[in-house]
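*Asks:* Once you've had a glance at the structure underneath, I'll fire off some questions.
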Amino acid sequence: MSDNKKRIENDVERCDFIHAHSDIVNTVNEKMPEDEILYDLAELFKVFGDSTRIKILYVLFESEMCVCDIAQILNMTQSAISHQLRVLKQSQLVKFRRSGKTVFYSLADQHVRTIINQGMEHICE
């Protein structure tokens, strides 16, 4: 085993002996959501794992905008922005409204704003 791998293993604190605390384990097991819910949550956070999508959400923090405006702000093609907006829309993070031939996008609800704000607070600490 390489020294680097040993060092990584040694950085993780472990109990000196194996003993499960059944009261704690049972309490947590009772409160654990179903696997399907946890899968959906993991998928939601994957959407936040793309910096372009984060930029789009941050732009929409400020104002409702059309694809053309977002593309200009982010210096990207409308096609690239549309692709990312499709992902954000499928994840129910953005919504849209049509005004004539123009489609305006905005954050879906206050939850999206809260998630991003809390993420920013966490990384800025």
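The values are calculated or read from the model by the stated rules, or taken from the named source; none is laboratory data. Small disclaimer: the values here were computed from a predicted structure and weren't measured. Note that each Cβ is placed from the backbone with ideal geometry, even for glycine, and that neighbours are counted across all protein chains shown. With ligands, DNA and RNA removed, areas are computed over all heavy atoms of the protein, side chains included. Shrake-Rupley method; radii C 1.70, N 1.55, O 1.52, S 1.80 Å.
*Asks:* What is the chain's relative contact order, in percent, from Cα pairs under 8 angstrom and six or more apart in sequence?
*Replies:* That works out to 19 percent.
*Asks:* Kindly report the accessible area of the range 1-100 per residue (heavy atoms of protein chains, probe 1.4 Å, no ligands, DNA or RNA), in Å².
*Replies:* Here the residues of the range 1-100 average 80 Å² of exposed surface.
*Asks:* Name the most mobile residue of Glu36, Glu13, Glu62, meaning the one with the largest mean-square fluctuation, in a Gaussian network model of the chain with Cα contacts below 10 Å.
*Replies:* Most flexible of the set in this elastic network: Glu13.
*Asks:* Work through the residues other than Tyr58 whose Cβ is under 15 Å from its Cβ and net out their charges, Lys, Arg +1 and Asp, Glu -1.
*Replies:* Values: positive: Arg53, Lys55, Arg113; negative: Asp50, Glu62, Glu64, Asp69, Glu121.
Around Tyr58, the charge tally is -2.
*Asks:* Counting pairs on different chains as well as pairs 8 or more places apart, how many Lys pairs in the chain have Cα atoms under 27 Å apart? Write down the numbers at each step before the final one.
*Replies:* Numbers: Lys31/Lys46; Lys46/Lys55; Lys46/Lys89; Lys46/Lys95; Lys55/Lys89; Lys55/Lys95; Lys55/Lys101; Lys89/Lys101.
The number of close lysine pairs in the chain is 8.
*Asks:* Using a Gaussian network model of the chain with C-alpha springs under 10 Å, which one of Ile56, Ile115, Ile70 is most mobile by mean-square fluctuation?
*Replies:* Among Ile56, Ile115, Ile70, the largest GNM mean-square fluctuation belongs to Ile115.
*Asks:* If you don't mind, another one. Once you treat every alpha carbon in the range 24-84 as an equal point and sum by Debye, what is log10 I(q)/I(0) at q = 0.13, 0.15, 0.17, 0.19 Å⁻¹?
*Replies:* For the range 24-84, the Cα-only Debye profile gives -0.51, -0.58, -0.65, -0.73.
*Asks:* Please compute the volume of the convex hull spanned by the alpha-carbon atoms of the chain and report it per residue in Å³. Could you put the intermediate results ahead of the total?
*Replies:* Working: hull volume 26.3 nm³, N = 125.
With only Cα atoms used, the chain gives 210 Å³ per residue.
*Asks:* How large a share of the accessible area of the chain, in percent, is made up of carbon and sulfur atoms when the probe is 1.4 Å and the other protein chains stay in place?
*Replies:* Working: 5130 of 9920 Å².
Carbon and sulfur: 52 percent of the exposed surface of the chain.
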